[in-house]
Amino acid sequence: MSQVARGDSQAFEALYDALSSAVYGVARRVVRDPARAEDVTQEVFLEVWRKAAGFNRDLGRGKTWVMTIAHRRAVDAVRRNEAAKRSDQQAAPDEVVHDEPGEAVIAAEEHGAVRDCLQTLTDLQLESVRLAYFNGYTYNEVATLLEKPLPTIKTRMRDGLIRLRDCLEGAS
């Protein structure tokens, strides 16, 4: 990483060769779209090239640093996509389902309640729950990706799920 920080393109090429498939894999699991995962992978390595001088060996391994950037970039991509969808939904009239409008209304209300309750979580709770339940990461993987101790992640997830349950029970 120190060679990359000094602008050594061969060191960067070796780093890319060693980590690109793992970075793409994380991006693919989070964003699900192969083309978007490729874009995220490119963004990650561009950031690594630009910010390699900021890497601190005392805080962890280079691979962990790169994988954390990958995960954060992928989550940002998902958030941007969700924001664009919300914007599109607000701009366009809601699609009418003619077969079963009652079920569509109930489903929309339930989705809205879940979104509202997710907003009551702290950032760490929300990120932990999303990684574990929406992206399929284990507790250990979540702790590694968020660079937090495993007991902290388990506690935040438990507290977040309790808060979600209580919020959703109050919404019904």
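Worth pointing out:
- Cα pair distances in the range 30-92, grouped into 10 Å bins until the bin that holds the longest one, percent each: 21, 41, 25, 10, 3, 0
- Under the convention that each Lys and Arg Cβ holds +1 and each Asp and Glu Cβ holds -1, the size of the dipole of the range 7-71 around its Cα centre is about 280 debye.
- In Å², nearest 10: area of residue 2 left accessible to a 1.4 Å probe: 60
- Positive dipole terminus of the range 1-40, leading residue within 14, 24, 2 (C-beta point charges): 24
- Distance between the 7 Å Cα→Cβ label points at residue 11 and residue 63: 1.9 nm.
- Stretched out straight at 0.36 nm per residue, the stretch from residue 126 to residue 140 would grow longer than its current Cα-Cα span by 3.4 nm.
- Note on residue 51 and residue 83: the model spin-label points, each 7 Å out from Cα along the C-beta direction, lie 1.7 nm apart.
- Along principal axes, Cα extents of the range 14-56, largest first, whole Å: 31, 16, 15
- For residue 55, the accessible surface of its heavy atoms amounts to roughly 40 Å² (probe 1.4 Å, protein chains only, rounded to the nearest 10).
The values are calculated or read from the model by the stated rules, or taken from the named source; none is laboratory data. Worth saying up front: this structure is predicted, and the values here are computed from it rather than measured. Heads up, the Cβs are rebuilt from the backbone with ideal geometry, glycines too, and the neighbour counts pull from every protein chain shown. Side chains included, ligands, DNA and RNA excluded: accessible areas come from the protein's heavy atoms. Shrake-Rupley method; radii C 1.70, N 1.55, O 1.52, S 1.80 Å.
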